[in-house]
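The values are calculated or read from the model by the stated rules, or taken from the named source; none is laboratory data. Worth saying up front: this structure is predicted, and the values here are computed from it rather than measured. As a convention, Cβ positions derive from the backbone with ideal geometry for all residues, glycine included, and neighbour counts pool all protein chains shown. Protein only, heavy atoms only, side chains kept; ligands, DNA and RNA dropped before computing areas. Shrake-Rupley method; radii C 1.70, N 1.55, O 1.52, S 1.80 Å.
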Amino acid sequence: AQTVTQSQPEMSVQEAETVTLSCTYDTSESDYYLFWYKQPPSRQMILVIRQEAYKQQNATENRFSVNFQKAAKSFSLKISDSQLGDAAMYFCASGDTGTASKLTFGTGTRLQVTL
Amino acid sequence: GAGVSQSPRYKVAKRGQDVALRCDPISGHVSLFWYQQALGQGPEFLTYFQNEAQLDKSGLPSDRFFAERPEGSVSTLKIQRTQQEDSAVYLCASSFPNQETQYFGPGTRLLVL
């Protein structure tokens, strides 16, 4: 079984600044994927970034990057140059490899972006 | 093409009523997942289909919950004799075979009174 823990219920960042959202996970699998999803008030879950556990290089997507520490089972999300549109709930999730890979989600972090 | 669509977007049911929630996955996606998201929580897995085969239903909370995907495309999640604790957002997601990234629909918000 997999577990995902997000210990920050809420975070706040000023526009144009950088913020880091924390996530830790536990899994018995040797190969797995990690994801960050964004959920705005419309409730649509939008993929932000994903990381394959076998890759040592941290994934990056424009202003979004991760700090993947496999030994520590840590997977944090860094948002640079924060924008008002980044305000949302952010969920960390893990999944096994393969087609039947159900996702296990954390409880989410609500990100506020202020002027 | 179009993303995952779900209908209805909102459903209010009286306790004891049966409800049916529909999911239209992205064309070509053979994998389809249902999740339940309670207020203030992350989504929790309910069930998984590969084409028309329901390969995992370990997350269904009771025998009142039933899902089907008879032709391997559209899926329906049915909840019989709804209870107040069934109130949640029900999310559908789909993916290509051997692709771990799931694409989510907008969800159906179910409120049981």
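The residues of region A:74-90 that are open to solvent by less than 50 Å² (accessible area, probe 1.4 Å) and touching a Ser or Thr at 6+ places or on another chain (Cβ under 8 Å), listed by number, are A:S74, A:F75, A:S76, A:L77, A:I79, A:S80, A:S82, A:M89, A:Y90.
The set of residues from region B:46-61 being outside any strand (DSSP E or B) and under 23 Å from B:A2 (Cα atoms) comprises B:N51, B:E52.
Would you please name the residue that is farthest from B:F49 (Cα to Cα), looking only at residues in region A:91-115 that are without any contact (Cβ under 8 Å) to a residue 60 or more places away in the chain and either out of contact with any Ser or Thr (no Cβ under 6 Å at 6 or more places or on another chain) or not β-branched (V, I, T) (or both)?
Within region A:91-115, the first condition is being without any contact (Cβ under 8 Å) to a residue 60 or more places away in the chain, and the residues that meet it are A:98-100, A:102.
Within this subset, residues satisfying the condition of being either out of contact with any Ser or Thr (no Cβ under 6 Å at 6 or more places or on another chain) or not β-branched (V, I, T) (or both) are A:98, A:100, A:102.
Working: A:G98: 13, A:A100: 8, A:K102: 11 Å.
Filtering region A:91-115 for residues that are without any contact (Cβ under 8 Å) to a residue 60 or more places away in the chain and either out of contact with any Ser or Thr (no Cβ under 6 Å at 6 or more places or on another chain) or not β-branched (V, I, T) (or both), the one farthest from B:F49 (Cα to Cα) comes out as A:G98.
Just so you know, in region B:25-45 the residues that are facing chain A (nearest Cβ under 9 Å) and closer than 18 Å to B:S7 by Cβ include one that is surrounded by the fewest Cβ atoms within 10 Å (Cβ to Cβ), and it is B:Q37. Please determine whether any residue of region A:66-78 is over 22 Å from B:Y103 (Cα atoms), of a type in the set (A, V, I, L, M), assigned to a loop (DSSP other than H, G, I, E, B) and out of contact with any Lys or Arg (no Cβ under 8 Å at 6 or more places or on another chain). Yes - at least one qualifying residue is present in region A:66-78. Applying the criterion of being open to solvent by 60 Å² or more (accessible area, probe 1.4 Å) and part of a strand (DSSP E or B) to the residues of region B:1-12, the residue that is farthest from the other protein chains (Cβ to nearest Cβ) is B:V12.
Within region A:34-52, track down each residue that is farther than 30 Å from B:R9 by Cα and touching a residue at least 24 places away in the same chain (Cβ under 8 Å). Break it down stepwise before answering.
Residues of region A:34-52 farther than 30 Å from B:R9 by Cα: A:51-52.
A:Q51, the sole residue that qualifies.
Residue check: A:Y37 meets all listed conditions (1) surrounded by 18 or more Cβ atoms within 10 Å (Cβ to Cβ); (2) over 14 Å from the mean Cα position of the chain (by Cα); (3) not acidic (D, E) but one, namely (2).
Per-residue answers, yes or no, for (1) under 22 Å from B:G3 (Cβ atoms); (2) within 11 Å of chain B (Cβ to nearest Cβ); (3) small (G, A, S):
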| site | (1), (2), (3) |
| --- | --- |
| A:W36 | yes, no, no |
| A:P40 | yes, yes, no |
| A:S76 | no, no, yes |
| A:F91 | yes, yes, no |
| A:G95 | yes, yes, yes |
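Among the listed residues B:R109, B:R81, B:R22, which satisfies the condition of being among the basic types (K, R) and closer than 27 Å to A:Q8 by Cβ? That would be B:R109, the only listed residue that is among the basic types (K, R) and closer than 27 Å to A:Q8 by Cβ. Inside region A:8-34, residues that are within 12 Å of chain B (Cβ to nearest Cβ) and among the hydroxyl-bearing types (S, T, Y) make up a count of 2.
Can you find a residue in region A:5-22 that is closer than 24 Å to B:C92 by Cβ and of a type outside the set (S, T, N, Q)? Scanning region A:5-22, I find no residue that is closer than 24 Å to B:C92 by Cβ and of a type outside the set (S, T, N, Q), so the answer is no. You will find that of B:R15, B:R69, B:R64, B:R22, the residue that is surrounded by 15 or more Cβ atoms within 10 Å (Cβ to Cβ) and over 20 Å from A:S101 (Cα atoms) is B:R22 and no other.
Scan the strands (runs of 3 or more DSSP E) fully inside region B:62-113 and keep the ones with 2 or more residues being facing chain A (nearest Cβ under 10 Å) and modelled with pLDDT of 95 or more.
Numbers: elements: B:65-68, B:75-79, B:88-95, B:108-112.
Those strands (runs of 3 or more DSSP E) span B:88-95, B:108-112.
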